[in-house]
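Shown next, in structure tokens, is the structure this report addresses.
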2 protein chains.
Amino acid sequence: MADFLTLIPPEEARELLLSKVISSPVVKAEVDLLHALGRVSAEDILAPHPLPNFPRSTVDGFAVHARDTYGAAESMPAYLKLVGEVPMGDRPPLGIHSGEAMVIHTGGMVPEGADAIVMLEYVQQSRGEEIEVNRAAAIGENVILVGEDVVEGQVILAKGVKIRPAEIGGLAAFGISRLRVAKKVRVGLISSGDEVVPSAGDIRLGQVRDINSYSLAALIELSGGEPILYGIVPDHIDDLRSVTARALHECDVVLITAGSSASTRDMTAQVIDQIGVPGVLVHGINTKPGKPTILGVCDGKAVLGLPGNPVSALVNGMLFVVPLIEKLLGLPSGKPQATVPATLTVNLASQAGREDWQPVKLVAGKEGWLAAPIFGKSNLIFTLASADGLICIPPDSTGIGAGEQVDVYLI
Amino acid sequence: MADFLTLIPPEEARELLLSKVISSPVVKAEVDLLHALGRVSAEDILAPHPLPNFPRSTVDGFAVHARDTYGAAESMPAYLKLVGEVPMGDRPPLGIHSGEAMVIHTGGMVPEGADAIVMLEYVQQSRGEEIEVNRAAAIGENVILVGEDVVEGQVILAKGVKIRPAEIGGLAAFGISRLRVAKKVRVGLISSGDEVVPSAGDIRLGQVRDINSYSLAALIELSGGEPILYGIVPDHIDDLRSVTARALHECDVVLITAGSSASTRDMTAQVIDQIGVPGVLVHGINTKPGKPTILGVCDGKAVLGLPGNPVSALVNGMLFVVPLIEKLLGLPSGKPQATVPATLTVNLASQAGREDWQPVKLVAGKEGWLAAPIFGKSNLIFTLASADGLICIPPDSTGIGAGEQVDVYLI
């Protein structure tokens, strides 16, 4: 039986793991702009020209010399000569001189000489080619200047950014249709345990279906990884060692979800120590669920032993595998995490020194959300499937009282 | 020029739109479990059997009759006869009688007759076939009962649930490898404006590349929709009408991003009124950005005119298109929204009665996150691309002061 005499706090365990993993330069993959959503940029992209690259009007109105309108008011309009109209999507036919104005639409190119746009509603078209301006315009009013959005050479997409709709739009604005992103992190998944059988197959009494390969594969996909399934390995160290060594060769990260018995857990630690250096870094983390989690690095690559219990496996996947994938993709650490503020419905006790992750259901209350803990052993996957999120009871706390405010991390 | 005499609050506009859209029963698509991530379940799935379907041990130890251990202590152990070992992944070879014990591993099937498991560390193996139990066990101790996770017939995945890793794990536990999910909502995207050209093509001075088709396509994909691109339609009402009618026939939702000039915006409203009833529901919403947004329903399907300005188009896509897609997928409304609490760095003024969505950058401060507003016209897509999220200044507020707490919605 593994003894956990040296339980390490999860934060320290995670930092140790991340510091020992060798993150070589990210491998790049070229993708179409429309397939870049959710990928991580692999290099800085610079603006090939200023944006906009011509001065644009932000309103429907008249392009003028601002100076010509100074002092204009309804009682004393400025009279200007109308010299034409700016066609949409094209250059103005000519520039304007002092005393002249030109019809312009929103998004139209400001003609040379003009330095302001007077809005339609402040203008009266008096006779034929003359307009009356009823309000003074300031220089630059209603004009977007060349480079006001982006100047030439500015970084429009920095390396290590997760691409959202706004970034897609920004690249489209420059006609960039292909870009280099970080290749997905290949995460090998090995299940072990003599009682575990493939999820979809036949089953006999005493056996359990493989849950972790599926739930962890989904978590890996969500975080920018590519799960590679190595199936279920029986409880023999030679088998586990050879499959793990193959996965280590083929993948960037390897996860072994141990069978739940102590002997298979020990086997995982032995294998990690045998297939590369330094081997096991951490065996036993002061967290609930997930105490028996094993963190190792073999020749620069992370090899983790996650508990076989499905709730422990998934929660510890969130705590250790997701940050690992993010690091290997080139994402910066310490990004803001969104949570739902809620009021705890019952007292929750926790052991001092231990970090607890408690599944909760969010229920609409009179004044915001209520967080109702879902109690269940970590063998019970539906404890998690029926939860909206997790709350963290930090190591320096012995619990949280009913009525206290908590931050719920949606899962 | 459109006049916005009857600007409607965004909440009211959204409710009106959602109430007028006819949501027929969701169209179902069958997918493999490993491809179900992020999809929405289209029907209730019931547990075909209890989970677990046999009583399991949660520890390594000995299966016993609890009663045989009552009063046991180190000074006065209970002596039991060892009658065998439970093989992993199989039935126990036999049941146990009073006075007997059987070796069992974590996850092993509890033999008939046993009602508790004594942990390894409380047992001494004395001579051959006898063990000494040093601690009393309660009935049910260290045992997961049949159906303790899920009872037979219980809903294991309700209709209208967005499938996460935990749900994938829950279905894997039952060997469910295929399931019915809501078909992705088809959202037709039409760009209009004589100045707009395809993003990737050649461009001349005065033209701008199509941003909205790309950024909105990405937003639609993120929310469970399938974007269908209809390209750029020139500013002629007949063209816009025929393309919109075709999109309405082929899609569940149609979005027209109007050219930025007032005339093309008016054209959008006319087309929505012409191709189906009731047509335009809302023309002008009291929000910034996005005032000129048009919400319409044509013969039960939503047809929206979004502003051509890329920031307005994307922010209004978040406010109106995402909830629409979620409704059509069968997701319940009013789900909790996670935010990042932050301290505003500068004063932000807002017009009373108007709902403002202000892009902000999150910067790590001494005591949590600081929200630094990014100011820029709504024509400037990089205002949004450089933001981490948005903060909302509600209609009943005239602004938020520097130093106040705000909730940042990550984008």
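Just so you know, all these numbers are worked out from the coordinates, no wet-lab data involved. Nothing here was measured: the structure is a model prediction, and the numbers come from that model. Counting neighbours? That spans all protein chains shown, and the Cβs are built from the backbone with ideal geometry, glycine included.
The distance linking the stretch B:110-136 with the stretch B:1-67 is 44 Å (Cα centroid to Cα centroid, whole angstrom).
With a 10 Å cut-off around each Cβ of B:202-213, the average count of Cβ atoms from other chains is 6. Put a plus charge on the Cβ of each Lys and Arg, a minus charge on the Cβ of each Asp and Glu, and nothing anywhere else: the dipole of chain A about its Cα centre is then about 1060 debye. Helix B:262-275 and the longest principal axis of the Cα set of chain B meet at an angle near 70°. What fraction of the DSSP beta bridges in chain B is antiparallel, stated in percent and rounded to the nearest 5? Around 65 percent antiparallel, to the nearest 5. Positive-end ranking of A:His105, A:Ala66, A:Ala36 along the dipole of chain A, with charges on Cβ about the Cα centre, is headed by A:Ala36. In this structure the amide hydrogen of A:Asp60, modeled in the peptide plane, comes within under 5 Å of the amide hydrogens of A:Thr106, A:Leu120, none closer than 5 places in sequence on its chain.
Projecting 7 Å from Cα along the Cα-to-Cβ direction, the label point of A:Pro48 sits 5.5 nm from its equivalents in the other copies, listed shortest first. Protection proxy ranking of A:301-308, A:83-90, by the mean of other Cβ atoms within 10 Å over each peptide's residues and highest first, is A:301-308, A:83-90. Determine the sum of side-chain charges near B:Ile381: Lys and Arg each +1, Asp and Glu each -1, restricted to other residues whose C-beta is under 15 angstrom from that of B:Ile381. Cβ neighbours under 15 Å give a net charge of 0.
Going from the fewest other Cβ atoms within 10 Å to the most, the residues B:Ile391, B:Ile374 appear in the order B:Ile374, B:Ile391. For peptide B:384-390, the mean count of partner chain Cβ atoms within 10 Å of a residue's Cβ comes to 5.
Think of each Lys and Arg Cβ as +1 and each Asp and Glu Cβ as -1; about the Cα centre, that makes the dipole of the stretch B:340-410 roughly 260 debye. If you take the Cα centroid of the stretch B:364-411 and the Cα centroid of the stretch B:216-278, the two points sit 30 Å apart.
Based on Cα contacts under 8 Å between residues 6+ apart, chain A shows a relative contact order of 16 percent. Sorting B:16-24, A:169-177 by their mean Cβ neighbour count within 10 Å, with the most densely packed peptide first, gives A:169-177, B:16-24. Mark the label point 7 Å from the Cα of A:Val346 along Cα→Cβ and return the residues of the stretch A:381-408 whose backbone N is within less than 16 Å of it. What the label zone holds, given the 16 Å backbone N cut-off, is A:383-384, A:386-388, A:391, A:399-404. Counting only other chain Cβ atoms within 10 Å of each residue's Cβ, the peptide A:361-373 averages 1. Pick from A:Glu11, A:Glu132, A:Glu355: which is most flexible by mean-square fluctuation in a GNM of chain A where alpha carbon atoms under 10 Å apart are linked? Among A:Glu11, A:Glu132, A:Glu355, the largest mean-square fluctuation in the Gaussian network model of chain A belongs to A:Glu132.
Of all residues in chain B, the one whose Cβ lies closest to the rotation axis carrying B onto A, together with that distance in whole Å, is B:Ala338, 2. For the peptides B:399-408, A:113-122, the ranking by mean Cβ contacts within 10 Å, running from highest to lowest, is A:113-122, B:399-408. Shown for A:Ile203, A:Ile393: other C-beta atoms within 10 Å of each C-beta, ranked fewest to most, produce the order A:Ile203, A:Ile393.
Inter-copy label distances at B:Gln270, shortest first and taken from points set 7 Å along Cα to Cβ: 8.2 nm.
Dipole of the stretch A:56-144 computed with +1 at Lys/Arg Cβ and -1 at Asp/Glu Cβ about the Cα centre; of A:Met88, A:Ala138, A:Gln124, farthest Cα towards the positive end is A:Ala138. Computed from point charges on the beta carbon alone (+1 for Lys and Arg, -1 for Asp and Glu), the dipole magnitude for the protein assembly as shown about its Cα centre is near 480 Debye. Taking the longest Cα principal axis of chain A as reference, the axis of helix A:10-20 is set at about 80 degrees. Residues A:Leu179, B:Leu94 in ascending order of nearby Cβ atoms (within 10 Å, fewest first): B:Leu94, A:Leu179.
Of A:Pro292, A:Ile220, B:Val346, which is farthest towards the positive pole of the protein assembly as shown's charge dipole, taken about the Cα centre with +1 and -1 on the beta-carbons of Lys, Arg and Asp, Glu respectively? Farthest towards the positive end: A:Ile220.
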